[in-house]
Amino acid sequence: MTKFKTGGIAAALGLFSCTALVQAADLPLRTAPPVYTAPILVNNWDGFYAGSTFGFGFTDFHTRQAGGGSRNLNTSGLTSGALVGYNFQYGHVVFGAEGGIDLNDIQKTDRGGTGLNPTTIQSLYDIRLRGRLGYEFGWFMPFVAGGAVINETSQSQAVPVNDFGRNQQNVGYTIGGGIDVKVNPARFLPFNNSFINGFLGPLVLRVEYLHDEVPVSTFGYNGQSYRTKSDSNVVRAAIISRFGDNPPRTDIDSMGTVNWAGAYGGVFGGGGFLTPRTKSAANASSTKFSTSGALGGLYAGTNFMVYNRLMLGFEGSTAYSEIKGNGAEPTGPASFRNYVMADLRGRVGYAFGRVLPFAAAGILYGRSEQIDQATGSQRGHLNSEAFTIGGGIDYRISERVSLRGEYLYANSFTKKLVNLNNCMDCKQQLDGNIFRVGAAYHFE
């Protein structure tokens, strides 16, 4: 992104002022010229920020079956995820760019009718890239926003459940607006506790409305073809950390000691290797195969320092992934694609100046699409829950920015029914290895 510069404007104002003073020198002096005072900003919104979102989406799916009828399917559900952004401020005007990933639990089943077979439609996730424009009034800032949304939707025949279907990704537009409010919850505490104060704030709380339009996608399966589009209205809240709202402090002193405490947020990329393991008592068989691919997303967390060097903290992330591969399942040859991941972990580390090695453990959530290659039987929304352990190294390259490299091992603690080709006892578990590198901005 390109930071807007005001040097040209300042130079033009300076040239204008000098010309005016030269001309004024030839006039009789009556009173002293007024002294120009630049307006004082009530609050500063400039800089980097990151946070988490939670809301409710109302979606209208419009689907038309080839050679048949059409339906408008209205539904609603939960949506949650993460965002990062950067603000530029000129006077009271604030503008910038923001990106985010939201996982959706929005679906609708229609039992069919004249010219339309029974169908189930699910909105799986949204990736939004937006520009924002706001006007600050001190501690609060209303804003408008707009840009692009990348959505993935799954459509399948409703009876039998998810026996045939397809996932499709499409790009649409998003517009909306809301209000950001700066708060410091620690001020309302009846006591002063550094741990509680560091945990709670200061923060930015957001409430906003978004309208998304996703154009037509074609879903072809089981000899049928559907053309489906969607529009959504989302109301959501966000909890955001940002630079500049905490008292200034020295993050790296003259001795090279680094203060790792406080909130941070950033971006990461990497890759993963997952192994689906599927068992069927009816088929008396057990299969496994390897998958691999890339991933990328957002992460944020908070560190607490104990005895100067010991770090305790927690962290969450949300990622889009393309981890896929082909192999055999009990019903025949199959393809596997994991397309989203999210995790929540606790961390412990020990700081050696700019270097912070750490270990982490927590839970990981993922979604996959799986297709029987022989028959076309498909599951477009197969959840997995796993525990994850791992470790890595954070390295502080400046007072505000750190780099990271880490490894995670994941193993699902639940078995999921795959149900390809109506195999009602095909249960699957996942295990795998994930490698990530990232960069984070520290707000305190």
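Would you check if there is a residue in the range 141-155 being touching a strand residue (DSSP E or B) at 6+ places or on another chain (Cβ under 6 Å), outside any strand (DSSP E or B) and not basic (K, R)? No, the range 141-155 contains no residue that is touching a strand residue (DSSP E or B) at 6+ places or on another chain (Cβ under 6 Å), outside any strand (DSSP E or B) and not basic (K, R). Within the range 293-321, the set of residues being closer than 21 Å to N433 by Cβ and exposed (fewer than 15 other Cβ atoms within 10 Å of the Cβ) comprises A294 only. When every residue of the range 123-130 is checked against the conditions, at least one turns out to be out of contact with any helix residue (DSSP H, G or I) (no Cβ under 7 Å at 6 or more places or on another chain), in contact (Cβ under 8 Å) with a residue 24 or more places away in the chain and either small (G, A, S) or farther than 29 Å from G297 by Cα (or both).
In the list A374, A386, which residue meets the criterion of being in contact (Cβ under 8 Å) with a residue 40 or more places away in the chain and open to solvent by less than 20 Å² (accessible area, probe 1.4 Å)? Quick ask: steps written out before the conclusion?
On the way: A374 fails: open to solvent by less than 20 Å² (accessible area, probe 1.4 Å).
Result of the check over A374, A386: A386.
Here Q428 fulfils each of the conditions (1) at pLDDT 95 or above; (2) out of contact with any Gly (no Cβ under 9 Å at 6 or more places or on another chain) apart from (1). Scan the range 230-252 and tell me whether some residue there is at pLDDT 90 or above and aromatic (F, W, Y). So far as the range 230-252 goes, no, none of its residues is at pLDDT 90 or above and aromatic (F, W, Y). Tell me, which residue of the range 63-81 that is in a strand (DSSP E or B) and open to solvent by 60 Å² or more (accessible area, probe 1.4 Å) is modelled with the highest pLDDT? By that ranking, first place goes to L78. Among the residues of the range 412-444, those that are open to solvent by 60 Å² or more (accessible area, probe 1.4 Å), outside any strand (DSSP E or B) and hydrophobic (A, V, I, L, M, F, W, C) comprise F413, M424.
Screening the candidates N87, N104 for the property of being within 18 Å of the chain's Cα centre (by Cα), closer than 20 Å to T228 by Cβ and crowded, with 16+ Cβ neighbours inside 10 Å yields one hit, N104.
The values are calculated or read from the model by the stated rules, or taken from the named source; none is laboratory data. This one's a predicted model, so the numbers in the text were calculated from it and none came from an experiment. In this analysis, Cβ positions are derived from the backbone assuming ideal geometry, glycine residues included, and neighbour counts consider all displayed protein chains. Surface areas here come from the heavy atoms of the whole protein model, side chains and all, with no ligands, DNA or RNA. Shrake-Rupley method; radii C 1.70, N 1.55, O 1.52, S 1.80 Å.
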